[in-house]
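The block underneath contains the structure these notes are about, expressed in structure tokens.
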Amino acid sequence: MICGSMFSGKTEELIRRLKRARIANLNVKIFKPAIDVRYDKEKIVSHDENAIQSIPVKSAADIQALAADADVVGIDEAQFFDAEIQEVCDALALNGKRVIVAGLDMDYTGRPFGQIPYLLARADFITKLHAICVRCGHIANYSYRLSDDEALVLLGAKSHYEPRCRKCFHEGNKS
């Protein structure tokens, strides 16, 4: 499991690990939620424009069938998947597949996001990445939303969010 705030390098790290698996001649299948079309409809793309081909899926159940012949399964933006993502990841791992999942651990309000807490609880290994607070330069754990939109899911990048440390995140939410 790779988690952290926006701009912490989660997708970059996922891509790095999946490329290494391919170098090892492992059969790699990569998935992303079909709703994530920010940079590309079919590729997983980091904010630094590093990219790797993926399979967009509408639900977690689609992953299990499509990953049947894979040695390694990569899943990006896991916070956008339905509750079945937990069972899918467990089933894949029980079938001997290496499952590498990346996702936001908190939403823009600072609360645990979607199924990520459950995936973290079941993960064998966890990597928590941090961004840099754009306000003060300290380590950032939070994704601060720049707009007043209150929808839980608001796909966006630098125009909608910025990384902030705990102090700057909470100061920004007071105003």
Next on the checklist: Please go through segment 23-56 and give me each residue that is in a strand (DSSP E or B) and crowded, with 18+ Cβ neighbours inside 10 Å, ordered by number.
Outcome noted: Val28, Lys29, Ile30, Phe31, Lys32, Pro33, Ile44, Val45, Ile52
Item to check | Complete set of residues in segment 98-127 that are surrounded by 20 or more Cβ atoms within 10 Å (Cβ to Cβ) and either assigned to a loop (DSSP other than H, G, I, E, B) or modelled with pLDDT under 95 (or both) | outcome: Asp105, Tyr108, Phe113, Gly114, Gln115
Next on the checklist: Here's a check for you: in segment 65-97, which residue that is of a type in the set (Val, Ile, Thr) and within 13 Å of Pro33 (Cα to Cα) is surrounded by the fewest Cβ atoms within 10 Å (Cβ to Cβ)?
Outcome noted: Ile85
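The values are calculated or read from the model by the stated rules, or taken from the named source; none is laboratory data. Bear in mind that the values here come from a model prediction, so they are computed numbers and not experimental data. Every residue, glycine among them, receives a Cβ derived from its backbone with ideal geometry; neighbour counts consider all protein chains shown.
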